1. Name the residue that is nearest to I210 (Cα to Cα), counting only residues in region 148-159 that are loosely packed, with under 15 Cβ neighbours inside 10 Å and of a type outside the set (S, T, N, Q).
2. Go through L145, L111 for me and flag whichever is over 21 Å from N18 (Cβ atoms) and either under 22 Å from the mean Cα position of the chain (by Cα) or surrounded by fewer than 19 Cβ atoms within 10 Å (Cβ to Cβ) (or both).
3. Which of (1) crowded, with 17+ Cβ neighbours inside 10 Å; (2) touching a helix residue (DSSP H, G or I) at 6+ places or on another chain (Cβ under 6 Å); (3) closer than 30 Å to D41 by Cα is the odd one out, the single condition L93 does not satisfy?
4. If you go through region 176-223, how many residues are touching a Cys at 6+ places or on another chain (Cβ under 8 Å) and of a type in the set (S, T, Y)?
5. If you take the residues in region 53-71 that are touching a strand residue (DSSP E or B) at 6+ places or on another chain (Cβ under 6 Å) and surrounded by fewer than 17 Cβ atoms within 10 Å (Cβ to Cβ), which one is farthest from V213 (Cα to Cα)?
Amino acid sequence: MFSANIARLPLWQVSQTNARDVQPLEKTDSMLLNNIYEPFDISYIGSLLSLKQLPTDIVNYILGLAGCVLECRAETNEYMSGSAPLNMRYLSLIIPFMDYSSLEILGNAALILECVSNDQGWASDAAELNHSYQGSWSWIEYEILKSDGSLLMPRQAMCYNFRAERNPRRHFQYITDQNILSSLVRGAQISLYLRAQYPGWANYASYGRISLVSFVGLTYDIDITQELKKYCLRRINRNSSKQCCLS
């Protein structure tokens, strides 16, 4: 889904507190971006640590330090556009329930929002603001709803389009505000909206992503022997499938 053209675009990081404060993304050391773990991977790693007679709390602490996190993600490369007045939902993520019995969610680490978009490419007023984020009336918002559809967190700006620029920009917001993260429970819905206001303004989007990254740990009643057996059987079945594909 993530096209090569989008991957070549530089990432612009949007401030958590001011969506018009945008800087090139340079340092990612402290960010949980390459989340490649699946539940059975983390359960296996935790089970191996438990074989050392470590308490479950210590095992879970080590898993967190090692970046053993789970990511639930929704993304799209659908092209959508519209002119002002515009208020169009572009993408949504409903946070799933944990369905792996040996693991539990310990807390959310980050909410990642990303969008590739641009405005109409011109502006007839305030020419001195062109090619900046000031005076832009084409932007992306996000909203959080409870599982019953009622409002949990009102709309907030995720990013503004670079004013009077036809070439799309890839904006990225990495949210670690605990006031926001603590509200992201299973069943809640996060949505991105395309916005534009005032005559002549428009919004064009070609990629969107919503990711919730969560710390997970072993449950206290985990059966270590069974988990290790399940992992070995899964690896055997996976290797057998690869051999069949090659034969």
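1. R155
2. Values: L111 fails: over 21 Å from N18 (Cβ atoms).
Selected residue: L145, the only one of L145, L111 that is over 21 Å from N18 (Cβ atoms) and either under 22 Å from the mean Cα position of the chain (by Cα) or surrounded by fewer than 19 Cβ atoms within 10 Å (Cβ to Cβ) (or both).
3. Going through (1) crowded, with 17+ Cβ neighbours inside 10 Å; (2) touching a helix residue (DSSP H, G or I) at 6+ places or on another chain (Cβ under 6 Å); (3) closer than 30 Å to D41 by Cα one by one, L93 breaks only (2).
4. So the answer is 3.
5. Within region 53-71, the match that is farthest from V213 (Cα to Cα) is T56.
Listed here are the residues, each with its yes/no results for (1) within 28 Å of F40 (Cα to Cα); (2) in contact with a Pro (Cβ under 7 Å, 6 or more places away or on another chain); (3) surrounded by fewer than 22 Cβ atoms within 10 Å (Cβ to Cβ).
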position	(1), (2), (3)
N161	no, no, no
A164	no, no, yes
G187	yes, no, yes
R195	no, no, no
L212	yes, no, no
F215	yes, no, yes
D221	yes, no, yes
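Here's the yes/no breakdown for (1) among the basic types (K, R); (2) under 22 Å from I222 (Cα atoms); (3) touching a residue at least 12 places away in the same chain (Cβ under 8 Å):
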{"position": "Q16", "(1), (2), (3)": "no, no, yes"}
{"position": "D29", "(1), (2), (3)": "no, no, no"}
{"position": "I45", "(1), (2), (3)": "no, yes, yes"}
{"position": "E75", "(1), (2), (3)": "no, no, yes"}
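Rule-based calculations on the coordinates, nothing more; no lab input. Here the structure is a predicted model, which means the values were calculated and not measured. Every residue, glycine among them, receives a Cβ derived from its backbone with ideal geometry; neighbour counts consider all protein chains shown.
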